[in-house]
There are 2 protein chains.
Amino acid sequence: MLISESVLREFTENIFKAMGCSQAHAALAGDVLIKSDLRGIDSHGVARLQGYVRLWEKKRINTNPDIKIVHQTATTATVDGDAGLGLVVAPFAMQVAIDKAAQYGSGWVAVRNSNHFGIAGYHALMAVEKDMIGFAMTNASPLVSPTYSSERLLGTNPMCYAFPAGKYPPVIVDMATSAAANGKLEIAQRMGKQVPEGWIQDKHGNFTTDPHALKSGGALLPLGSDVEHGSHKGFGLGATVDILSAVLSGANYGPWVPPFVAFLDPPDDPVGLGIGHFVGAMRVDGFRPVDEFKAHMDNWVTRFKSSATVDPNQKVIIPGEPEIEAEKDRKVNGIPLINAVVNDLNVLAERFGVNKLE
Amino acid sequence: MLISESVLREFTENIFKAMGCSQAHAALAGDVLIKSDLRGIDSHGVARLQGYVRLWEKKRINTNPDIKIVHQTATTATVDGDAGLGLVVAPFAMQVAIDKAAQYGSGWVAVRNSNHFGIAGYHALMAVEKDMIGFAMTNASPLVSPTYSSERLLGTNPMCYAFPAGKYPPVIVDMATSAAANGKLEIAQRMGKQVPEGWIQDKHGNFTTDPHALKSGGALLPLGSDVEHGSHKGFGLGATVDILSAVLSGANYGPWVPPFVAFLDPPDDPVGLGIGHFVGAMRVDGFRPVDEFKAHMDNWVTRFKSSATVDPNQKVIIPGEPEIEAEKDRKVNGIPLINAVVNDLNVLAERFGVNKLE
């Protein structure tokens, strides 16, 4: 089913308003989700709306949060999200980082007491629009085992680095630090397919190709998959995200991170508040003139795009390029939603008395 | 052959002095190399000394550089290394970052016109000693192919994040963004062994297990090895390092990075000056009190160290732990050098008229 951006946006805003969000927060939270759907990252868009509602029903999301800076220097800050939607808490934090960068060259904000913040790229792109380099990362529900471990101790902990370019769209590296994202596993589950070796392990820590293993005590593997191929590096990256997002901010880290799914209760011995994010912004002209930087970014992109390839029909993909292509297409042609998602959304519509998607 | 730290340090300093470095620069450059050998990263220690000498002979390293800030804001700067040893240029840049962080909370320095800077961890640890979080990365000679590419367009481009802890040593994530480091390949070549699939490709872009393929037009693969296992993420990380280190600073990037080996000339159409680094420091107390942070770091390390493991005899390894263990051992028992390295060093000793290693 193809739904236009504007219809889906209004629908999403209405749900957030029905949950008690202010108009401004509903519009912002909706914008983060719609941006994800537009960019083709279907797993992080409106398909998650039901998940947010369920957390709110469990009183784990506060739709009227008092988001505030609790500690700061000229270029650093810790923000407390007051258990608000990460979709509004993270943009608040990024705005603090951008304001500090505007004044002092860079700004860095650790966030505690938040929830799932959508796609990291949304927040990092806020900086890019100001000719800054944007950084965004978050910890997440424990699903990934460190190298050698048979426990789930880290989330898929994404990190995003975003760079403005000139004639090209921004270069955006936005990646989970696990070998495969959970969304890909869900697709395999739905289609009854096996997954490649190197994505997951079973509850004993053995490699498996059964996509259902995660539900029965298994775990995702860090980027690198096994130690011979550098899984300790993927673990190190996931650990970096966990420490910057949560140990630095005062959020929960490692296995203490509250699960995104509402049917699992958070650990009863928290080590901090909510989940954590870390965002930052650096002014390009803090290092060299913006036009010079953009001209060299364009040269960088041109050279990598024109690389000789193994298969002449498969070009090198610049980080962020597929998302830009998806956005161009979906803004014009609408956002494709699978029936299961439409049905879930219409259940929400009924529950909150808002117009259904048709 | 086991050589004591002090003997190897004096030897290394003497070589750098004979190349024309000041006493201070020779001591600093020597300290970076010896720290690498102490920490068990043999590929980046005195084994590289001959490589630096050869670049100096080709007049690609300036042993009397005028290292200076060429552009700055309160918390950002670009440093020009004047073609100096990266071993002295990077510590200069990190000191600028630390000084800015002391005053404003954070400091970020992009470096152009530099050379190989040794181990990233050395520089990041300078920040940790001041209760700051340290960041260090560098681009490097093109050896890695982006996903789908059959060309070498990126270096192994390491990134390092270093965090102070309390009762535990610092947590240090210091990793090449390729699946395997070049040093591991060299070991396989020397021992006549095949390497695992997923480390390298041949000149046509096909996977190979022949460690010599790199010399005949092949390339290292990004972390993730193939697209199914996330090699586009390893490519994205390598690209991030390249952009922050070189596009931002005005150094050479991508295939234009001058090779470390002196027998290969730099491209004759440079897009910048020398190679590039990017370093940064953030005050922990810019986010929360240092003692709170360290207590939670200790809790983080304790939890991950005590994780259940697949093999009960193999514990989870905290990033940086093996290097700390090596340093403890080698400070007492000496640094093991293979004969080939001792011979190379003694050739240098003869050439410069300094005392040989015995």
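The values are calculated or read from the model by the stated rules, or taken from the named source; none is laboratory data. Model, not experiment: these values are computed from the prediction. All Cβ positions, glycine included, derive from the backbone under ideal geometry; neighbour counts span all protein chains shown.
Could you look through the stretch B:210-238, keep only residues that are out of contact with any helix residue (DSSP H, G or I) (no Cβ under 6 Å at 6 or more places or on another chain) and of a type in the set (Ser, Thr, Tyr), and pick out the one that is farthest from residue A:228 (Cα to Cα)? By that ranking, first place goes to B:216. Of the residues in the stretch A:297-344, how many are part of a helix (DSSP H, G or I) and either within 28 Å of the chain's Cα centre (by Cα) or surrounded by fewer than 17 Cβ atoms within 10 Å (Cβ to Cβ) (or both)? Number satisfying all stated conditions: 26. Within the stretch B:1-27, the set of residues being among the hydrophobic types (A, V, I, L, M, F, W, C) and surrounded by 14 or more Cβ atoms within 10 Å (Cβ to Cβ) comprises B:3, B:7, B:8, B:11, B:15, B:16, B:18, B:19, B:21, B:26, B:27.
Listed here are the residues, each with its yes/no results for (1) surrounded by fewer than 22 Cβ atoms within 10 Å (Cβ to Cβ); (2) polar (S, T, N, Q); (3) farther than 21 Å from residue A:229 by Cα.
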{"residue": "A:155", "(1), (2), (3)": "no, no, no"}
{"residue": "A:162", "(1), (2), (3)": "no, no, yes"}
{"residue": "A:177", "(1), (2), (3)": "no, yes, no"}
{"residue": "A:187", "(1), (2), (3)": "yes, no, yes"}
{"residue": "A:192", "(1), (2), (3)": "yes, no, yes"}
{"residue": "A:208", "(1), (2), (3)": "yes, yes, no"}
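Within the stretch B:224-235, how many residues are facing chain A (nearest Cβ under 7 Å) and closer than 10 Å to residue B:198 by Cβ? Residues that pass the stated criteria total 3. Here residue B:251 does not fit the description of being within 17 Å of residue A:232 (Cβ to Cβ), crowded, with 17+ Cβ neighbours inside 10 Å and more than 9 Å from chain A (Cβ to nearest Cβ). Within the stretch B:233-246, is there a residue that is surrounded by 24 or more Cβ atoms within 10 Å (Cβ to Cβ), among the β-branched types (Val, Ile, Thr) and without any contact (Cβ under 8 Å) to a residue 24 or more places away in the chain? Scanning the stretch B:233-246 turns up at least one residue that is surrounded by 24 or more Cβ atoms within 10 Å (Cβ to Cβ), among the β-branched types (Val, Ile, Thr) and without any contact (Cβ under 8 Å) to a residue 24 or more places away in the chain. Among the residues making up the stretch A:16-38, a single one is part of a helix (DSSP H, G or I), among the small types (Gly, Ala, Ser) and out of contact with any helix residue (DSSP H, G or I) (no Cβ under 7 Å at 6 or more places or on another chain): A:24. Of all residues in the stretch A:18-61, those satisfying the criterion of being of a type in the set (Lys, Arg), under 30 Å from residue A:325 (Cβ atoms) and out of contact with any His (no Cβ under 9 Å at 6 or more places or on another chain) are A:35, A:39.
Among the listed residues A:249, A:307, identify the single one that is touching a Pro at 6+ places or on another chain (Cβ under 8 Å), small (Gly, Ala, Ser) and on the phi < 0 side of the Ramachandran plot.
A:307
No other residue among B:333, B:346, B:339 is over 20 Å from residue A:236 (Cβ atoms), free of Cβ contacts under 8 Å to residues at least 40 places away in the same chain and more than 11 Å from chain A (Cβ to nearest Cβ) apart from B:346. Counting only residues that are in contact with an Asp or Glu (Cβ under 8 Å, 6 or more places away or on another chain) and either facing chain A (nearest Cβ under 8 Å) or not in a helix (DSSP H, G or I) (or both), how many does the stretch B:206-218 have? Matching residues across the stretch B:206-218 total 6. Checking each residue in the stretch B:141-186 for being within 24 Å of residue B:126 (Cα to Cα) and charged (D, E, K, R) picks out B:167, B:174.
For the stretch B:265-296, the set of residues classified as more than 9 Å from chain A (Cβ to nearest Cβ) and outside any loop (DSSP other than H, G, I, E, B) consists of B:275, B:276, B:277, B:278, B:279, B:281, B:290, B:291, B:294, B:295, listed by residue number.
Of the helices (runs of 4 or more DSSP H) lying entirely inside the stretch B:83-196, the ones with 3 or more residues being over 25 Å from residue B:217 (Cβ atoms) and either more than 14 Å from chain A (Cβ to nearest Cβ) or in contact with a strand residue (DSSP E or B) (Cβ under 9 Å, 6 or more places away or on another chain) (or both) are found at B:86-104, B:120-128. Out of the residues in the stretch B:66-77 that are part of a strand (DSSP E or B) and buried (at least 24 other Cβ atoms within 10 Å of the Cβ), state the one that is nearest to the other protein chains (Cβ to nearest Cβ). Going through the qualifying residues, I end up with B:76.
Residue count for the stretch A:81-104 under the criterion of being charged (D, E, K, R) and either surrounded by fewer than 24 Cβ atoms within 10 Å (Cβ to Cβ) or at pLDDT below 95 (or both): the result is 2.
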